[in-house]
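To start, the structure itself, in structure tokens.
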């Protein structure tokens, strides 16, 4: 298991705290989203975690080791894509991944050992030998993700992986992240302002505003549906069953899969008037950041 403990973290710039976090605990095999608009401190937090930035107060420990003091060792097990990376335009993704892999592990790799699999994970197998000067923003982002996972790091940090990427590109990046998650042993931390993307790939989302944690939401708790029925049937004793979390008159609120309730309603002649999906992350985002629109 990989764990990161952050305590009393303060990063200052221009005489003010741009990150001010009392405590966060990350652990594998989970994926965490850091959600907030530009300027909320997301990139700064990831830079501190991966060791790019070390002029901070407080403590960041990975597996019990202080990152600032053991940066070289931590770098071997951490892969990152921070902000918008630059690539040598006449190199190929295969060359970039090989270089990143060897730098991270300190070992030479022969031929394309393991590179094919990484290119498959980021949907770039067909372009692994193409010059990156010809790539779209989405292809460059996926190449950056490939570099972040080269060498099989335990912890992967991705900063705005869908920024300036079109809808299809975002779906491809989401597929890449979910391929990494499917391995079942990684700690992923993804900073983004893209609510729908984080909802697709994360287990937990942390709202960050002005460098401070505002709220932490589990994605499993965001999949809520209000089901409006024709009348008020007797459903005594069914509380917390069929994925129901509340019954209020003709409104039944279901968490997660609604099929158990729909099957029950059909078997008991309960007529349904309307099914309303609730986007909890969108609603929370509006509440927290409405003053920054």
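The values are calculated or read from the model by the stated rules, or taken from the named source; none is laboratory data. Worth saying up front: this structure is predicted, and the values here are computed from it rather than measured. For neighbour counting, all protein chains shown are included, and Cβ atoms are generated from backbone atoms with ideal geometry for every residue, glycine included.
Of note:
- Being part of a strand (DSSP E or B) and assigned by TED's automatic domain parsing to the domain that holds residue 7 holds for only one residue in 79, 39, and it is 79.
- Some residue of segment 75-97 being in contact with a strand residue (DSSP E or B) (Cβ under 7 Å, 6 or more places away or on another chain) and more than 19 Å from residue 143 (Cβ to Cβ): yes
- Selected residue (criterion: surrounded by the fewest Cβ atoms within 10 Å (Cβ to Cβ)) from residues of segment 154-200 that are touching a strand residue (DSSP E or B) at 6+ places or on another chain (Cβ under 6 Å) and either at pLDDT below 90 or assigned to a helix (DSSP H, G or I) (or both): 181
- Among the candidates 216, 204, the residue that is within 21 Å of residue 158 (Cβ to Cβ), touching a strand residue (DSSP E or B) at 6+ places or on another chain (Cβ under 6 Å), surrounded by fewer than 14 Cβ atoms within 10 Å (Cβ to Cβ) and at pLDDT 90 or above is uniquely 216.
- Residues being touching a residue at least 24 places away in the same chain (Cβ under 8 Å), within 22 Å of residue 18 (Cβ to Cβ) and more than 18 Å from the chain's Cα centre (by Cα) are entirely absent from segment 94-108.
- Restricting attention to segment 256-285, the residues being closer than 24 Å to residue 213 by Cβ and either touching a strand residue (DSSP E or B) at 6+ places or on another chain (Cβ under 8 Å) or not in a strand (DSSP E or B) (or both) number 7.
- Selection from segment 108-129 of residues that are over 14 Å from residue 145 (Cβ atoms), outside any helix (DSSP H, G or I) and touching a helix residue (DSSP H, G or I) at 6+ places or on another chain (Cβ under 8 Å): 108, 109, 112, 114, 129
- Single residue of segment 136-153 satisfying the filter (in contact (Cβ under 8 Å) with a residue 60 or more places away in the chain and assigned to a loop (DSSP other than H, G, I, E, B)) that is farthest from the chain's Cα centre (by Cα): 151
- A single entry from 137, 92, 100, 44 fulfils the requirement of being at pLDDT below 90, on the phi < 0 side of the Ramachandran plot and in the same structural domain as residue 172 (by TED's automatic domain parsing): 137.
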